[in-house]
Amino acid sequence: MTSRQSMSDSMIAQRLAIVRRHAWLAVVVFGVVLAGAVTVATSLPDIYRATATVLVEHPGTTEGTGKSLIAAELETRLQTIGQEVLSQARLLKLMESFDLYPELRANGEDTAAVERLRRDIQVKPVRVESAAGRPTTVAFAITLRSRGPETAAGAANALAAFYVEENGKIRVRQASAARLTRLKQELAQMQEVYTAQYPDVIRLKSEIAALERPPRTTAAVGEEFRILDPAVPPE
């Protein structure tokens, strides 16, 4: 063996020794970091997620432009209800009902509690492609995070019920407004021909007056919301 080969073998051995030392050092550092992460994780409170699924039932089989308008109106309605859901008054009421973030509310930090709850609520629509190639919302999932499994499920179901309730109110208002417009048009046409004592004129005026007095009760139109899968306490 030449002296050059001996020097080469020696350098290789030294480098292998350095690599081994660094490998052991990396293992030690990783173990320390992992132990710290486990300690932190075990010291944190458990967070539970519960999800309620609300089904969107579409009326009829409207096609073309009519269907596009209905889909656009649905998205607007979802956004409107969503803004109401995330309003401070609504969230404060939800926190009181399920005793959410008691430490923040006890210190008078209602604004911080509301912002935290907004981050812990997630509404995710479920869309499918229609025959015309347009995405249509067929359902949406309401997920809520909380430190207690029963609390998470109860609050998620309360939000789902609120979506269903508010959607029903909007549908009734829209149906009332549409019917009121149609009756007023009929009355205007009738009054061009008949006097105020004509029976149909009297009837139309009576129906219009009934619709203009709260509460307006009429058949609702548009998409209906229905809770498909209520939230259950997660494990």
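The values are calculated or read from the model by the stated rules, or taken from the named source; none is laboratory data. Quantities reported herein were computed from a predicted structural model and do not represent experimental measurements. With ideal geometry, Cβ positions are generated from the backbone for all residues, glycine too; neighbour counts draw on all protein chains shown. Protein only, heavy atoms only, side chains kept; ligands, DNA and RNA dropped before computing areas. Shrake-Rupley method; radii C 1.70, N 1.55, O 1.52, S 1.80 Å.
What nm distance separates the two modelled labels at residue 212 and residue 124, each placed 7 Å from Cα along Cα→Cβ?
It is 4.9 nm.
Whole-Hz Karplus ³J(HN,Hα) for region 188-201, in order, using 6.51 cos²θ - 1.76 cosθ + 1.60 and θ = phi - 60°, x for Gly and Pro?
Using θ = phi - 60°, the values come out as 4, 5, 5, 5, 6, 10, 10, 7, 5, 8, 5, x, 5, 5 Hz.
Per residue, how much accessible area does region 136-220 have with a 1.4 Å probe, in Å²?
On the way: 4530 Å² over 85 residues.
Accessible area per residue: 53 Å².
Find, among the GluC sites (Glu not before Pro) in region 73-115, those assigned to loop by DSSP (not H, G, I, E, B) with at most 12 other beta-carbon atoms within 10 angstrom.
Details: sites: 73, 75, 84, 96, 103, 109, 115; in loops: 109.
For GluC sites (Glu not before Pro) across region 73-115 that sit outside H, G, I, E and B with at most 12 neighbouring Cβ atoms in 10 Å, the list is empty.
With N residues in region 85-235, what two-decimal value do you get for its Cα radius of gyration over 2.2 N^0.38 Å?
Working: Rg = 22.7 Å, N = 151, 2.2 N^0.38 = 14.8 Å.
Taking N as the residue count of region 85-235, the ratio is 1.53.
What residues have an amide H closer than 5 Å to that of residue 232, excluding those fewer than 5 places away on the same chain, when H is modeled at 1.01 Å from N in the peptide plane?
Residues meeting the criterion, in which the H sits 1.01 Å from N, are 51.
Exactly which trypsin sites (Lys or Arg not before Pro) in region 103-138 are in a DSSP loop and have at most 14 other Cβ atoms within 10 Å? Intermediate results must be reported in sequence, preceding the final value.
Details: sites: 105, 116, 118, 119, 127; in loops: none.
Sites meeting the loop and neighbour criteria: none at all.
Taking the mean number of other Cβ atoms within 10 Å as a proxy for protection, how do you rank 135-143, 181-189, 48-56 from highest to lowest? Before the final figure, lay out the partial values.
Values: 135-143: 17.8, 181-189: 12.9, 48-56: 19.8.
Highest-to-lowest ranking by the protection proxy: 48-56, 135-143, 181-189.
If each residue of separation counts as 0.36 nm, what is the full-extension length gain between residue 169 and residue 115 once their alpha-carbon separation is subtracted?
Working: separation 54, 0.36 × 54 = 19.44 nm, distance 2.70 nm.
Taking residue 169 through residue 115 to full extension adds about 16.7 nm, to one decimal.
So what J values fall out for region 166-177 if you push phi through Karplus, 6.51 cos²θ - 1.76 cosθ + 1.60 with θ = phi - 60°, rounded to Hz, Gly and Pro as x?
5, 5, x, 5, 5, 4, 5, 4, 5, 5, 5, 5
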